[in-house]
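Report on the structure given below.
The values are calculated or read from the model by the stated rules, or taken from the named source; none is laboratory data. Model, not experiment: these values are computed from the prediction. Counting neighbours? That spans all protein chains shown, and the Cβs are built from the backbone with ideal geometry, glycine included. Protein only, heavy atoms only, side chains kept; ligands, DNA and RNA dropped before computing areas. Shrake-Rupley method; radii C 1.70, N 1.55, O 1.52, S 1.80 Å.
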Amino acid sequence: MAENLLLMIIFLPLFGSLFVALSRDNNGTGISVNAAAVAVWTLLFNIALILVLFSQMNTESDNIQYVTTFKWLLPQTLSISFGVDVFALIMILGINLALLIGILSLRSHFKNQKFQIGFSLLFLCAYTGLFSALDLMSFYVFFVIMIPPLFMQIGMDADNRIPGRFLLYNFLGTFLLLFAVVMLYCSEPNNILIANISDIKLDGQSGIWVWSCIFMGFMFRIPVWPFHYWISSVNTVIRNPLTFICANMLPISGLFGFLRFWPAAIPEQISSLTPVFAIFCAATMLYLAFRGYSLNNARDKLFSYIFIYYLLYLLGILAPTDILQRNIAYSLFAFLLVFSGLSMVAFHLEKENNKSPGSLNGILCILPKASFAYSLLISVAIGFPVSALFWNNFIIVSQVLYTNVYIGVTAVLTLLLAAAFLLQHLYSLKDNECMLPTKDTLRDVDNVQFGMCLAVMSILFLSFIKPLWFVY
Amino acid sequence: MEILAGYVNVFFLLAGVLVLSVRRIWSDESAKGYIAVAKLFIVADLLSLIFFYDKNIWPEYMSNDAFSLAVYILTALMMYVWLSLSLKWFTASGLPSCWFCVLALLLLFCFKILVATVNLGIMAAILTAILLLQYMLLRFSQENEEFHNISGKYLINTALCIVLLGVSLYLFAPKNWSLANAFAFIQTLPMPQIFITIGGLLVVLLFMMGIAPLHFGITDIVGPAVLPVAAYFTFVPVMALWTTFIKLNVKVFASLSTRLESFYVCLGIICIIIGAIGANSSRNLRRIFAFMALFNLGILLMVIAPFNYQSVVYVVCGLLFYVLTCLGVYTVFYGFKSQGEYLSTLNTLYGFFKVRPFMALTLFFFLLSVTNVAPLWGFLNLWELLHRIVADKNYLLMIVVFGTALLLLSALFQVSRTIFFTKKSTNFDRGEFSVYLFLALNLLLQMWLMLNAGALSETVNNLLSEMVS
């Protein structure tokens with residue numbers, strides 16, 4: 001029963017996207033209310049299923065549960081296996097909630113968004129599949145099929161060459177991963193579970209090639225210099241909050257890949273390079289922090305903030321211990337909600353500001369609900385001790401400091417800088433003296449969006465008290 | 001009675017040609033009428049095949065096995081769908097379709113003989129006939145400015161092919177024209193002479209299959225040709241020609257498999273390189289797709305190169321998806337219509353997605369498959385090829401494959417950008433119901449086959465057992 005529930009959670013968004021594609025726009029006005037309603041109900045139902053699955057799960061255990069195996073496709077002895085552990089399921093819940101926020105943030109942008117919504121549900125289906133994949137083949141397949149829907153979303157938002165860059169960068173990464181996957185299947189022709197990769201005997205040279213390719217394949221998803229180009233260029237052109245949220249969720253697949261593969265059994269030659277890589281991460285974090293500080297655009301600041309935190313999680317994952325897994329999961333869950341909520345309000349402000357072009361400064365003075373929501377979310381984002389983000393990040397940073405004090409100090413410094421530029425941004429948005437009289441006509445966030453922000457805050461607060469408070 | 005059944009089995013389609021000619025003489029019918037008659041004869045021929053499949057009048061020249069029958073049925077079905085789609089073009093253009101239908105039935109007749117024949121003489125004669133009939137089919141495009149250029153080239157190539165076939169047959173000598181004798185004869189020849197002997201046959205076949213560097217026989221044609229003709233060259237003869245290719249390699253060239261393997265791999269590499277570069281350098285959607293298809297043919301050729309049982313099964317499954325995908329893509333091309341004209345250049349297709357989202361998304365799905373994105377069929381072929389490459393430790397080839405696959409994705413981006421991401425600049429005609437129906441059926445069939453790929457390969461395995469053994 002529970003196994004079927006997991007399959008439903010994976011494939012429900014796929015059916016949702018089909019319904020969205022078939023839904024009609026209201027009265028030919030181009031407003032995609034029906035599509036949004038279908039998507040919201042799909043997500044709510046999916047979230048309910050996830051909570052039911054959580055309730056049946058042994059949350060004390062870190063083992064994979066609800067394992068289902070199918071004979072598949074390929075005319076070989078391959079089969080695909082699905083299953084989840086607490087980390088995966090909490091991530092699935094997180095991306096469902098983040099997408100729900102994304103779709104609700106389209107409320108003021110509903111025109112001609114039908115296919116954006118449909119593709120985002122496909123993206124969710126692929127992502128859920130990735131989190132549930134237990135064997136190498138299905139992991140690779142879901143790792144790849146999340147790209148086309150996102151490519152379409154980005155392309156519909158940006159009519160230039162940037163979607164092409166996104167496509168090529170990401171496929172370059174998947175080809176490297178494919179090389180590693182084929183090498184592993186050549187060594188072990190039967191089904192390979194990710195958990196058992198360490199059992200595969202590879203000779204020295206092959207081992208180095210395989211692990212380098214796996215490493216690089218995941219790196220293309222995470223914006224560490226010099227692999228950052230696609231995400232930074234994509235973020236400059238996105239006009240749609242849903243696409244922004246989806247695009248910025250993509251690096252989690254790289255983090256998840258590292259988490260599933262990395263601690264297993266990497267050859268000494270590769271593992272010895274981990275500190276060098278950690279230095280690259282720390283340097284990129286520092287760069288992003290200064291970038292966020294120097295740029296005035298709200299989206300640029302948000303982008304810098306998001307990737308500083310992704311790199312912090314990566315440092316946590318690369319630490320030579322597995323005990324951080326739960327902390328990373330709880331923190332990532334909270335982080336997903338925070339950045340989605342911030343994106344929702346930030347895009348609303350940007351859209352309202354476009355009615356009378358000029359600086360955003362002081363805009364929150366005349367939008368009380370947006371001001372309240374944004375202030376609360378920023379306070380959580382900077383590490384105010386009211387959410388799971390604070391507590392778990394504290395543990396992750398401690399471990400990074402313990403592993404390498406220089407990198408740890410750099411990480412702390414960048415977190416402080418990130419907090420500073422977010423506060424600076426909040427201050428400028430609330431600066432009463434900068435407010436322009438022409439902005440009196442601007443609309444505040446609507447009640448549904450405001451309610452969602454409050455719900456996010458409640459979830460974050462409850463998660464602070466007990467991370468899995470929703471398990472009954 | 002048995003002999004009569006055998007004759008019916010072989011020549012039924014020619015009766016169709018006769019009926020069409022008589023109707024042309026006695027009544028001037030609409031395009032729909034002729035195509036309906038042609039389709040009727042195809043269905044009747046398939047039924048006669050089901051009833052009389054074991055009635056063979058010339059066992060020394062023609063011998064059907066389960067696989068060749070399956071290939072013929074598939075080719076006939078493709079011909080049927082192709083005729084159904086072609087009707088739209090004839091209705092829009094107002095041209096008579098009688099001669100077109102006659103050519104279709106004659107070509108199908110040729111394919112029937114081609115997949116069944118076990119004699120090199122008949123094979124060469126049929127290949128010549130197909131080349132000539134295809135040239136006549138090409139003449140339907142004579143209103144196009146480029147027609148004289150391409151038809152002239154095609155005619156010269158056809159003449160060269162006939163010469164090559166003649167030389168090959170002469171070197172084999174008539175007593176060795178049966179496949180079994182030809183196999184034995186090859187083994188008696190010294191090495192350079194073997195390749196001169198088989199070269200003619202092989203080159204002609206590769207030319208007709210559109211394998212690089214002889215790909216111009218297809219890629220140069222599909223752009224200027226009218227839509228039904230371009231569609232024909234892309235997917236109708238594929239299965240029959242590949243079956244002949246497999247038959248020759250398994251039954252005649254088997255002793256040369258090691259030497260030919262490297263040759264085919266080289267051709268495959270040329271195919272994927274030219275395919276990837278060509279797809280990026282063209283602005284005509286049919287040509288872009290032809291180059292994408294060439295890339296996939298290259299992959300298939302490299303997979304089949306060792307001609308062991310497993311590789312043949314893999315490629316036959318791959319070909320089935322290939323043909324369905326080509327059919328799907330050309331069905332979408334029938335939806336690219338504005339003011340009664342079929343569009344093919346990218347700059348006329350801006351914003352197509354905004355008005356025909358289902359068609360555009362289906363095209364995207366097919367193109368993803370052609371660009372080898374997992375888990376679609378193109379990926380399965382790539383997967384098999386990569387397995388081979390890793391086993392051989394041929395990492396340079398792997399870099400070439402990945403590099404060209406990335407280039408192909410760049411072409412996919414160009415097409416997607418035009419169709420999906422730009423503003424509409426053309427008033428597209430209303431999509432026809434039958435186009436949507438064919439697309440939906442094609443998608444469902446492909447998905448069903450993908451989900452049952454294991455069962456499919458097992459079926460192909462059983463079908464091939466007689467031929468490959």
| task | Would you mind calculating the relative contact order of region A:273-472 from Cα pairs under 8 angstrom and at least 6 residues apart, reporting the percent as a whole number? | result | 31
| request: Put one equal scatterer on each alpha carbon of region B:135-268, apply the Debye formula with no solvent term, and list log10 I(q)/I(0) at q = 0.09, 0.12, 0.13 1/Å to two decimals. | output: -0.31, -0.53, -0.62
| task | Towards the positive end of the charge dipole of region A:273-472, with charges on Cβ (+1 Lys, Arg; -1 Asp, Glu), say which of A:Ser343, A:Trp469, A:Val380 has the farthest Cα. | result | A:Trp469
| said: Let me understand region A:391-472 better: what is its radius of gyration from the alpha carbons, and its Dmax, in angstrom? | reply: 18.9, 53
| remark: In nanometres, the difference between 0.36 nm per residue of separation and the alpha-carbon distance of B:Lys393 and B:Asn452 is 18.1 nm
| Debye intensity ratio in log₁₀ form over the Cα atoms of region A:143-256, taken at each q of 0.12 Å⁻¹ | -0.48
| query | Where does region A:277-374 land on the Kirkwood hydrodynamic radius, alpha-carbon pairs, in angstrom? | reply | 15.3
| Overall Cα dimensions of region B:401-456 - principal axes, largest extent first, Å | 46, 40, 12
| query | What is the packing order of peptides B:344-354, B:435-445, B:313-323, taking the mean over residues of other C-beta atoms within 10 Å and listing the highest first? | reply | B:313-323, B:344-354, B:435-445
| said: How high is the relative contact order of chain B? Use alpha-carbon pairs under 8 Å, at least six apart in sequence, and give a whole percent. | reply: 14
| note | Taking the convex hull of the alpha-carbon atoms of the protein assembly as shown and averaging its shadow over every direction gives an area in square nanometres of 40.8
| remark: With bins of 10 Å, the percent of all Cα-Cα pairs of region B:253-469 per bin from 0 is 8, 32, 32, 19, 7, 1
| field | Nearest-20 debye value, region B:253-469 charge dipole, Cβ charges on Lys, Arg, Asp, Glu | value | 860
| note | Here, trypsin sites (Lys or Arg not before Pro) of region A:306-374 satisfying both criteria (DSSP loop; at most 15 other Cβ within 10 Å) are A:Lys355
| query | Using r as the Cβ-Cβ distance of A:Leu462 and A:Asp322, and R0 as 22 Å, what FRET efficiency do you calculate, to the nearest 0.05? | reply | 0.25
| remark: In whole percent, the fraction of accessible protein surface over region A:222-316 that belongs to carbon or sulfur atoms, probe radius 1.4 Å, stands at 65
| query | How much of the accessible area of region B:253-469, probe 1.4 Å, is carbon plus sulfur, in whole percent? | reply | 62
| Which of the peptides A:204-214, B:380-390 is most tightly packed, and how do the rest follow, judged by the mean count of other Cβ atoms within 10 Å per residue? | B:380-390, A:204-214
| task | Of the options A:Leu426, A:Val412, A:Phe303, report the single residue whose Cα projects farthest towards the positive end of the charge dipole of the protein assembly as shown (beta-carbon charges: Lys, Arg +1; Asp, Glu -1). | result | A:Leu426
| Sorted peptide list for B:245-252, B:93-100, criterion being average Cβ within 10 angstrom, highest first | B:245-252, B:93-100
| field | Inverse mean reciprocal Cα-Cα distance (Kirkwood Rh) of region B:201-320, Å | value | 14.4
| note | With bins of 20 Å, the percent of all Cα-Cα pairs of chain B per bin from 0 is 24, 60, 16, 0
| query | Suppose every K and R has +1 on its Cβ and every D and E has -1 on its Cβ; what is the size of the dipole of the protein assembly as shown about the Cα centre, in Debye to the nearest 20? | reply | 1560
| Solvent-accessible area per residue for the protein assembly as shown (1.4 angstrom probe, square angstrom) | 36
| note | Each residue of B:440-453 has, on average, a number of other protein chain C-beta atoms within 10 Å of its C-beta equal to 1
| field | Prolate/oblate/rounded call for region B:237-378, Cα gyration tensor, a/c under 1.5 rounded | value | prolate
| task | For region B:266-338, build the convex hull from the C-alpha positions and give me its volume per residue in Å³. | result | 58
| Which of the DSSP-defined H helices in chain A satisfy a minimum axial length of 20 Å, computed from C-alpha atoms, and a minimum mean Kyte-Doolittle hydropathy of 1.0? | A:2-22, A:33-55, A:86-104, A:114-132, A:162-187, A:204-219, A:274-294, A:298-318, A:388-403, A:405-429, A:447-465
| note | Rounded to the nearest 100 Å², the accessible area buried between A and B, both sides, probe 1.4 Å, is 3300
| For peptide A:174-182, how many partner chain Cβ atoms fall within 10 Å of a residue's Cβ, on average? | 5
| message | Could you work out the percent of alpha carbon pairs in region A:342-447 separated by over 22 Å, rounded to a whole number? | response | 41
| Within region A:333-453: Cβ-based charge dipole about Cα centre, in debye rounded to nearest 20 (Lys, Arg +1; Asp, Glu -1) | 100
| field | Charge-dipole axis of the protein assembly as shown as Lys and Arg at +1 and Asp and Glu at -1 on Cβ define it, positive-most pick from A:Leu193, B:Gly217, A:Phe143 | value | B:Gly217
| said: Quick check on region A:273-472: take the gyration tensor over C-alpha atoms, sort the square-rooted eigenvalues as a ≥ b ≥ c, and tell me if it's rounded (a/c under 1.5), prolate or oblate. | reply: oblate
| said: What would the Debye equation give as log₁₀ I(q)/I(0) for chain A at q = 0.06, 0.07 Å⁻¹, counting only Cα atoms as equal point scatterers? | reply: -0.25, -0.34
| request: Set the Förster distance to 56 Å, then compute FRET efficiency between A:Asp199 and B:Lys424 from the Cβ-Cβ distance, nearest 0.05. | output: 0.50
| Is there a simple number for the mean count of other chain Cβ atoms within 10 Å of the Cβ of residues in B:357-364, and what is it? | 2
| said: Using 5 Å bins from zero, what percent of all Cα-Cα pairs in region B:164-210 falls into each bin? | reply: 5, 23, 30, 26, 11, 4, 0
| task | With a ≥ b ≥ c taken as the square roots of the eigenvalues of the C-alpha gyration tensor of region B:47-170, please select rounded if a/c is under 1.5 and otherwise prolate if a/b is larger than b/c or oblate if it is not? | result | oblate
